[in-house]
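J.: Structure below; questions to follow.
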Amino acid sequence: MELDAKIPSGPIEKRWERHRFNLKLVNPANKRKYNIIVVGSGLAGGSASATLAELGYNVHCFFFQDSPRRAHSIAAQGGINAAKNYQNDGDSIYRLFFDTVKGGDFRSRESNVYRLAEISLNIIDQCVAQGVPFAREYGGALANRSFGGAQVSRTFYARGQTGQQLLLGAYQALMRQVEAGKVKLYPRTEMLDLVVIDGRARGIVTRNLITGEIRSHVADAVVLGTGGYGNAYYLSTNAKGSNATAIWRAYKRGALFANPCFTQIHPTCIPVTGEYQSKLTLMSESLRNDGRIWVPLKKGDKRAANEIPHEERDYYLERRYPSFGNLVPRDVASRNAKAICDEGRGVGESGFGVYLDFADAIHRLGRHTIEERYGNLFDMYRSITGEDPYNTPMRIYPAIHYTMGGLWVDYNLMSTIPGLYVIGEANFSDHGANRLGASALMQGLADGYFVLPYTIGDYLAGTKLDKTGTDHPAFQEAEANVRCITDRLLKVNGTRTVDSFHRELGKLLWEYCGMSRTAEGLKYALGKIPELREQFWKDVKVLGGSKELNQSLEKAGRVADYFELGELICLDALTRNESCGGHFREEYQTADGEALRNDEDYSYAAAWQYQGEGVEPVLHKERLEFEYVHPSQRSYK
Amino acid sequence: MNVTLHVWRQKQGAGKGRMVRYEARNVSEDMSFLEMLDVVNEELIEKGEEPIAFDHDCREGICGMCGFMINGVAHGPVPGTTVCELHMRHFKDGDDLYIEPWRARAFPVIKDLVVNRSAFDRIIAAGGYISVSTGSAPDGNAIPVPKEKAERAMDAAACIGCGACVAACPNAAAALFTGAKITHLAMLPQGAPERPQRALKMVLQMKEEMFGHCTNIGECEAVCPKQISIEVIARMNHDFIRASWSEREAPYRADQPAGEPSAGGCQ
Ligand SMILES: Cc1cc2nc3c(=O)[nH]c(=O)nc-3n(C[C@H](O)[C@H](O)[C@H](O)COP(=O)(O)OP(=O)(O)OC[C@H]3O[C@@H](n4cnc5c(N)ncnc54)[C@H](O)[C@@H]3O)c2cc1C
Ligand code: FES
């Protein structure tokens, strides 16, 4: 298969504009004849649904929560980037583009990233007009902060609830279209299969989570905005319901899956306390602007933090990276924390934690300023741990947070299945091997408000689609497939709960395909996962029926997919014999322990094609060209 | 610690349910309330009993998916906290905990602790937005917004739509929820053009959804996990009354035939 990314030619600043001009348009009167399915109501799916409906298309929007406002985007805290240069500190579209390509460790597509940086400007304008209550200066202008190691202040925020406010903006735009009759909502409905007819995406099969009804839906195009797959690791910062099922089933219908091993680990999460732990809570990265990270110099030092004198502390990030200090990128900060804990210098009961200390900042700026900047985060920390971060340093540890990998899409955000579009975290497009802080919200909204609504028109205008209905054999087959999976899960009636399997799989992935990876470890995991999967299908216990609200059944279906996806994640990691961004292979590092890329052999996006159960998928490579930002070794010293 | 749970179990489609007693043993004080329920559920499944159904997703107090009554208080005993953020260190060994779903006519129980809150979506659909289509916005800094106003808009916009306000209100009113959205948008210059119609439409929709009438009791504010001030209800009443005098005619008669429930587009 030849992967054609459809990247426009010409100077990078002109590509999107020219491309937009070349896209075919759907006659306004014809738009209402098209039905578009959007799966997902997060920043990507919500913004796309609203905008497509405004343009006149009939939109059918599916999500598994009870309201579109609860999509996982709601949890994003820190902010959203835009190259507005309101602070006059030298930011520009080009600089945001440059930072994103470099931050992604040269594994993303330049043209996509440039477009993203360009569109970032419109996003802020749109959100302000919708009534998103961004933080303001006294004069009434929008406030910014610097975030995630950026050296300019380009992050817009609404307290520590930026994702919530952006999502409510998109949700309200969406509800306006619901009221106008242009969007039909399908709450508590899960997509369980994609229907492909004559090589084109023509619909989906869903399960109503309340009644259990399995139903087919026909459309002219299908859009997936179903979020990331970090929950494959069991413990992550994602919401409990976040899952890979929609993209995984699309993969099994022929959509290529790109860079599955590019997972991001967030350095500042609250450490695990026990086996019952159900998720990990992120402490916003903005904390690293004022907090200092340290561990005791001596191994096994069990004194309370306040009793360890200054000379016996190791501020290891400041020591190793004097120019970036505590603000090194996420992957670097995470790996260092793991290395220190593996040395036996971790803190807290489990030894898997490092201190994030605000004592100096409180001394320098006063408690009031710190309260103003981080009050809600400090409260959250106190409520979870029972400790007061104003008096004792926070304990933090890295956790799985974001997945840069996802379904492969071209410049138009179309997957390898014509008519199937993938937006937001679910696709692989813009962040390469590592995403910069505050750039996921930007990408989700860029895709949904400003890219997909144009590019999908080009497909619809240029494609003659035959009329089809849910009685088509392809729909019947997909429905049967979904029923079969559901029934099979209910029939096992073994002895172990779904969660116990999920936890075990998560531990394997975290251990062998988490923060650092080795060929040996990955091979071990690749041997173990199929064994565990087999056990799962023999011994899982799912009670209740299929015709009712059955939360164990929902989970079981998702975990079944994680077993398959987990294997692909490891295979991808094993195949990529280099370190880049979040993918750190211990065999490939510089003398001082930094990720060592191999541009000669691995400057490509790895796109995997499903070949059937038990057969190894086929790897296709999309070569990445760097015309503007020339690959260099990242250095944060 | 050990605690005794009395949990509302209601089969789907059944008009009635009952309290069932469970013992939660060896509960760690670092567990969240939902993690404690997870452990109880794991044990139930192992014994072949159906687990307790409850809604949840983010587990960090922001999605608004979780929520039930603990000993008669929405989201439990700690102010400003959702049940997913509530930790077991706030309870004592030997406590008896009564766990029940939100109870309100507008929120029918689906199963166990899971209720249907789609009425909230229909209130927003009735007018809880600024009508601005994608692409038509001026520069973000074109209209200055005083910091004070932005902050007050944000205070109201912090609502997570969980429904605790309704569950705690003896009248099962949705005034705090509706008032919060009206206030959020009313505080901003961008929200001004539609301010009167918005208040009219949202308040009328709220009534159609069978929510009760607010009589200023204040229970809503007391349980709100985001501590939204009851002031937003005053603003809602203000905007509604004002709009009723000046603008009522068109929107009220045209698209809200009295008494007929709105379909609102949700399935
Ligand atoms: C705690 C946290 C903090 C973050 N903070 C930031 C930040 O400060 N800045 C930043 O830029 N990024 C941040 N991120 C990342 C960012 O929030 C996400 O990448 C982004 O919101 C994803 O948006 P989305 O629209 O792609 O997916 P989501 O918001 O995850 O939405 C997925 C949607 O798909 C639906 N869905 C999923 N599967 C199915 C299915 N099978 N059937 C039907 N529906 C389905 C869901 O119901 C939901 O509506 C953060 C992430 C986390 C976890
Ligand atoms: S689960 Fe999201 S608020 Fe509790």
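J.: Suppose we keep only residues that are within 14 Å of chain B (Cβ to nearest Cβ) and polar (S, T, N, Q) within the stretch A:376-397. Which one would you say is farthest from A:Ala158 (Cα to Cα)?
T.: A:Thr385
J.: Tell me which helices (runs of 4 or more DSSP H) are completely within the stretch B:125-211 and hold 3 or more residues being under 27 Å from A:Asn85 (Cα atoms) and within 14 Å of chain A (Cβ to nearest Cβ), or say none if there are none.
T.: Passing ranges, in order: B:147-157.
J.: Out of (1) within 16 Å of ligand 2 (Cβ to nearest atom); (2) touching a Gly at 6+ places or on another chain (Cβ under 7 Å); (3) closer than 30 Å to A:Ala82 by Cβ, what's the single condition that is false for B:Met65?
T.: Going through the list (1) within 16 Å of ligand 2 (Cβ to nearest atom); (2) touching a Gly at 6+ places or on another chain (Cβ under 7 Å); (3) closer than 30 Å to A:Ala82 by Cβ, B:Met65 breaks only (2).
J.: Spot the failing condition for B:Asp96; the list is (1) buried (at least 19 other Cβ atoms within 10 Å of the Cβ); (2) assigned by TED's automatic domain parsing to the domain that holds B:Gly13, and only one is missed.
T.: Evaluating B:Asp96 over (1) buried (at least 19 other Cβ atoms within 10 Å of the Cβ); (2) assigned by TED's automatic domain parsing to the domain that holds B:Gly13 leaves (1) as the failure.
J.: With A:Arg109, A:Arg70, A:Arg95 as the choices, which residue is over 22 Å from A:Phe450 (Cα atoms) and at pLDDT 95 or above?
T.: Of A:Arg109, A:Arg70, A:Arg95, the one residue that is over 22 Å from A:Phe450 (Cα atoms) and at pLDDT 95 or above is A:Arg70.
J.: Within the stretch A:569-625, how many residues are open to solvent by less than 40 Å² (accessible area, probe 1.4 Å) and either outside any loop (DSSP other than H, G, I, E, B) or among the charged types (D, E, K, R) (or both)?
T.: So the answer is 22.
J.: If you don't mind, another one. Suppose we keep only residues that are within 13 Å of chain A (Cβ to nearest Cβ) and polar (S, T, N, Q) within the stretch B:65-101. Which one would you say is farthest from ligand 1 (Cβ to nearest atom)?
T.: Step by step, filter the stretch B:65-101, then rank; the result is B:Thr81.
J.: Could I ask something else about it? Do you know which of the residues in the stretch A:189-222 that are more than 11 Å from ligand 1 (Cβ to nearest atom) and in contact with a helix residue (DSSP H, G or I) (Cβ under 7 Å, 6 or more places away or on another chain) is farthest from A:Arg32 (Cα to Cα)?
T.: By that ranking, first place goes to A:Ile214.
J.: While we're on this one: Residue by residue through the stretch A:535-568, note down the ones that are over 19 Å from A:Pro617 (Cβ atoms), assigned to a helix (DSSP H, G or I) and charged (D, E, K, R).
T.: Hits for the stretch A:535-568 are A:Lys538, A:Asp539, A:Glu554, A:Lys555, A:Arg558.
J.: Evaluate the stretch A:298-310: report whether one residue or more is without any contact (Cβ under 8 Å) to a residue 24 or more places away in the chain, of a type in the set (A, V, I, L, M) and crowded, with 17+ Cβ neighbours inside 10 Å.
T.: yes
J.: Given the criterion facing chain B (nearest Cβ under 9 Å) and within 20 Å of the chain's Cα centre (by Cα), identify the matching residue among A:Gln126, A:Gln130, A:Gln165.
T.: Only one candidate passes the filter, namely A:Gln165.
J.: Could you grab me the full set of residues in the stretch B:11-47 that are more than 11 Å from chain A (Cβ to nearest Cβ) and in contact with a Pro (Cβ under 9 Å, 6 or more places away or on another chain)?
T.: The one that is more than 11 Å from chain A (Cβ to nearest Cβ) and in contact with a Pro (Cβ under 9 Å, 6 or more places away or on another chain): B:Gly17.
J.: Would you be able to say whether some residue in the stretch A:172-188 is under 16 Å from A:Val39 (Cβ atoms) and polar (S, T, N, Q)? Step through it out loud before you land on a result.
T.: Pass one, the stretch A:172-188, residues under 16 Å from A:Val39 (Cβ atoms): A:174, A:183-188.
Filter once more, keeping what is polar (S, T, N, Q): none.
No, the stretch A:172-188 has no match at all.
J.: Moving on to the next point. When residues of the stretch B:36-56 are filtered for being in contact (Cβ under 8 Å) with a residue 40 or more places away in the chain and assigned to a loop (DSSP other than H, G, I, E, B), how many remain?
T.: 4
J.: In addition: Looking at the stretch A:239-254 only, could you name the residues that are touching a strand residue (DSSP E or B) at 6+ places or on another chain (Cβ under 8 Å) and either within 11 Å of A:His72 (Cα to Cα) or of a type in the set (A, V, I, L, M) (or both)?
T.: Of everything in the stretch A:239-254, those that are touching a strand residue (DSSP E or B) at 6+ places or on another chain (Cβ under 8 Å) and either within 11 Å of A:His72 (Cα to Cα) or of a type in the set (A, V, I, L, M) (or both) turn out to be A:Ala246, A:Ile247, A:Ala250.
J.: Mind listing whichever residues of the stretch B:4-34 are in contact with a helix residue (DSSP H, G or I) (Cβ under 8 Å, 6 or more places away or on another chain) and part of a helix (DSSP H, G or I)?
T.: B:Phe33
J.: Before we move on, is A:Pro453 assigned to a strand (DSSP E or B) and of a type outside the set (Val, Ile, Thr)?
T.: no
J.: Restrict the check to the stretch A:17-39 and report whether at least one residue is at positive phi and surrounded by fewer than 22 Cβ atoms within 10 Å (Cβ to Cβ).
T.: No.
J.: Next question, about the same structure. Only one residue in A:Ala255, A:Ala250, A:Ala201, A:Ala170 is part of a strand (DSSP E or B) and more than 16 Å from ligand 2 (Cβ to nearest atom), so which one is that?
T.: Residue meeting the stated conditions: A:Ala201.
J.: From the list A:Leu116, A:Leu121, A:Leu96, A:Leu142, exactly one residue is surrounded by fewer than 20 Cβ atoms within 10 Å (Cβ to Cβ) and under 25 Å from A:Gly169 (Cα atoms). Which is it?
T.: A:Leu121
J.: Report whether or not B:Arg59 is open to solvent by 10 Å² or more (accessible area, probe 1.4 Å), more than 7 Å from every other protein chain (Cβ to nearest Cβ) and either touching a Ser or Thr at 6+ places or on another chain (Cβ under 7 Å) or part of a loop (DSSP other than H, G, I, E, B) (or both).
T.: For B:Arg59, the condition - open to solvent by 10 Å² or more (accessible area, probe 1.4 Å), more than 7 Å from every other protein chain (Cβ to nearest Cβ) and either touching a Ser or Thr at 6+ places or on another chain (Cβ under 7 Å) or part of a loop (DSSP other than H, G, I, E, B) (or both) - is not met.
J.: Among B:Ser136, B:Ser131, which is outside the structural domain of B:Tyr98 (by TED's automatic domain parsing) and modelled with pLDDT of 95 or more?
T.: B:Ser131
J.: When residues of the stretch B:142-196 are filtered for being acidic (Asp, Glu) and touching a residue at least 40 places away in the same chain (Cβ under 8 Å), how many remain? Quick ask: steps written out before the conclusion?
T.: Narrowing the stretch B:142-196 to residues acidic (Asp, Glu): B:148, B:151, B:155, B:194.
Within this subset, residues satisfying the condition of being touching a residue at least 40 places away in the same chain (Cβ under 8 Å) are B:155, B:194.
Within the stretch B:142-196, residues that are acidic (Asp, Glu) and touching a residue at least 40 places away in the same chain (Cβ under 8 Å) number 2.
The values are calculated or read from the model by the stated rules, or taken from the named source; none is laboratory data. Computed from a predicted model, the values in this text were never measured in an experiment. In this analysis, Cβ positions are derived from the backbone assuming ideal geometry, glycine residues included, and neighbour counts consider all displayed protein chains. Ligands, DNA and RNA are excluded from the accessible area calculation, which covers all protein heavy atoms including side chains. Shrake-Rupley method; radii C 1.70, N 1.55, O 1.52, S 1.80 Å.
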